[in-house]
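One structure below.
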Amino acid sequence: MGLHVGIVGAGAFAQSFIPLFKAHPLVERVVLCDLDAEKLAYSTARFEIGDTSPSLEDLCGTGVDAVCLFTQNWLHGPQAVQALEAGKDVYSAVPPGISVDEIERLVAAATASDAVYMLGETSYYYPGVLYCREQYARGAFGRIVYGQAEYYHDWDHGLYDVARWRGGENWRETAGIPPMYYPTHSTSQIISVTGARMTQVSCQGFRDVHEDGIYRVNDWSNPFSNQSALYSMSDGSVCRINEFRRVGHPGCVRMGLQGTEGGFEQSAGGAAWMRKDGTRVENLDNLLACTGQPVSERDPIGSDPMERDPTGSDLMSKVTASDGTHLGVSAVHPVERLPAAFAGLPNGHAGSHQFLVDDFVRACVNRTLPPNNAWDAARYMLPGLVAHESALRSGALLPVPDLGDPPDRD
Ligand SMILES: NC(=O)c1ccc[n+]([C@@H]2O[C@H](COP(=O)([O-])OP(=O)(O)OC[C@H]3O[C@@H](n4cnc5c(N)ncnc54)[C@H](O)[C@@H]3O)[C@@H](O)[C@H]2O)c1
């Protein structure tokens, strides 16, 4: 018996994920859900999906095992709690919530429930992050002394359209959300490598006076389009996070990490690894380029593919995949663990989508704790929420609360 998955929000981002949930060999049924009947009709036709639900409320009352949230970014916290309390496993697009209270409620709901919660944090599978995780595990950094990560996305690079389709008529009210209320692409890069958490923060903001007025009147009375935060970390290191929405830059999600023995740097010029004891700087551009990788011969799910798919369509996709590759991944992505049925299917955000869907589906089927679980999500998100508070208080040094580790369940 495979997993029954309900996808909530058939908007722009979900378009990349619906075919992956549908194709995963451990998923038996996909139900599509959106309040907007027109978007729902478009996606059901596009992806040939027969089952629909008109709202999250309705979906939670059905027999689906899992609910995947691709709704607007300010809705996820309460929606995830609602689904967890209905006994559903939950996948949520970022962010996990947009207030300390929402994150506390999320972690409380995940603690009280046996259900799986996973944040779809795309940065977790960025090639630079994968590379650093490997180097860290080998001890190649030595002791971490400093980390930095940033997400730069200027309004002129498509964000006006995004804000309009997410926010509707009064889009400016939600468009001016503090940049530090969307920090997880940056914070997760450092935290998911070293496991250290942010303990204190001082943050400064750039007061935006652009004529579009986004940061003049908004739901959060937020005046900042750019914010820079400096953190002390639980491992004794220092970390700097930038969230910029008004910046003369093509846009990036990237990181740097320095240890006592080695370091990793990413810039507009490329990526490099360096060691204290060597004069050579190793250029990583080819290794980390997301150009696609061949499909592995080994199929990691099930010993006999015909057993799980009597039609053989799963095998067929392996030989007819458009170019025989897992699209958009780098040489450091562990593609051999992906279902063969994902070959040739859409991928995105530096090869991360397919891994995130696979992580979630396996955690639901095997009843295991996924990466980017509720406790990880809290450690990615709370540092941004407190950073904004600090920026409003001219950089006051504030403690970052910690909601602890996942409970030990047998
Ligand atoms: N790299 C990344 O991780 C990344 C990239 C892009 C978007 N995102 C996230 O993806 C999410 C979706 O973004 P988008 O641009 O697709 O938004 P969108 O506005 O296109 O889609 C959201 C959809 O959710 C539906 N919805 C809202 N509440 C609902 C409810 N209660 N029941 C049923 N349907 C409901 C809306 O009608 C809408 O169609 C955002 O939260 C965003 O933060 C993440």
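Structure notes:
- The listed residue being closer than 22 Å to V94 by Cβ and either surrounded by fewer than 18 Cβ atoms within 10 Å (Cβ to Cβ) or touching a Gly at 6+ places or on another chain (Cβ under 8 Å) (or both), out of L59, L26: L59
- Selection status of S296, at pLDDT below 50, over 24 Å from the mean Cα position of the chain (by Cα) and of a type in the set (S, T, N, Q): no
- Of the numbered criteria (1) modelled with pLDDT under 55; (2) touching an Asp or Glu at 6+ places or on another chain (Cβ under 8 Å); (3) surrounded by 14 or more Cβ atoms within 10 Å (Cβ to Cβ); (4) in a loop (DSSP other than H, G, I, E, B), the one L315 fails is (4).
- A single entry from A45, A14 fulfils the requirement of being in contact (Cβ under 8 Å) with a residue 12 or more places away in the chain and either more than 14 Å from the ligand (Cβ to nearest atom) or not basic (K, R) (or both): A14.
- Every residue from region 193-211 that is under 15 Å from S237 (Cβ atoms) and β-branched (V, I, T): V193, T194, T199, V201
- Helices (runs of 4 or more DSSP H) fully within region 1-100 counting 1 or more residues that are of a type in the set (K, R): 14-23, 37-47
- Residues in region 342-356 that are away from the ligand (no atom under 14 Å from the Cβ) and crowded, with 24+ Cβ neighbours inside 10 Å: F342, A343.
- Here L35 meets each of (1) within 15 Å of the ligand (Cβ to nearest atom); (2) touching a strand residue (DSSP E or B) at 6+ places or on another chain (Cβ under 7 Å) with one exception, condition (2).
- Test: V90 is modelled with pLDDT of 95 or more, more than 9 Å from the ligand (Cβ to nearest atom) and in contact with an Asp or Glu (Cβ under 6 Å, 6 or more places away or on another chain): no
- Single residue of L69, L56, L75 found to be outside the structural domain of A378 (by TED's automatic domain parsing), within 8 Å of the ligand (Cβ to nearest atom) and over 21 Å from M381 (Cα atoms): L56
- Counting the residues of region 184-212 that are charged (D, E, K, R) and either touching a strand residue (DSSP E or B) at 6+ places or on another chain (Cβ under 7 Å) or crowded, with 20+ Cβ neighbours inside 10 Å (or both) gives 3.
- Search result, residues across region 247-259 that are in a strand (DSSP E or B) and within 22 Å of E121 (Cβ to Cβ): C252, V253, R254, M255, G256, L257
- Subset of region 100-127 [under 18 Å from the mean Cα position of the chain (by Cα) and of a type in the set (S, T, Y)]: Y117, T122, S123, Y124, Y125, Y126
- Condition broken by V64, with the remaining ones in (1) near the ligand (Cβ under 8 Å from one of its atoms); (2) more than 18 Å from F13 (Cα to Cα); (3) hydrophobic (A, V, I, L, M, F, W, C) satisfied: (1)
- V107 within 28 Å of P183 (Cβ to Cβ), away from the ligand (no atom under 11 Å from the Cβ) and not in a helix (DSSP H, G or I): no
- When S123, S99 are screened for being polar (S, T, N, Q) and buried (at least 17 other Cβ atoms within 10 Å of the Cβ), only S123 passes.
The values are calculated or read from the model by the stated rules, or taken from the named source; none is laboratory data. On a predicted model such as this, the values are computed, not experimentally measured, just so you know. No Cβ is skipped: glycine too gets one built from the backbone with ideal geometry, and neighbour counts run over all protein chains shown.
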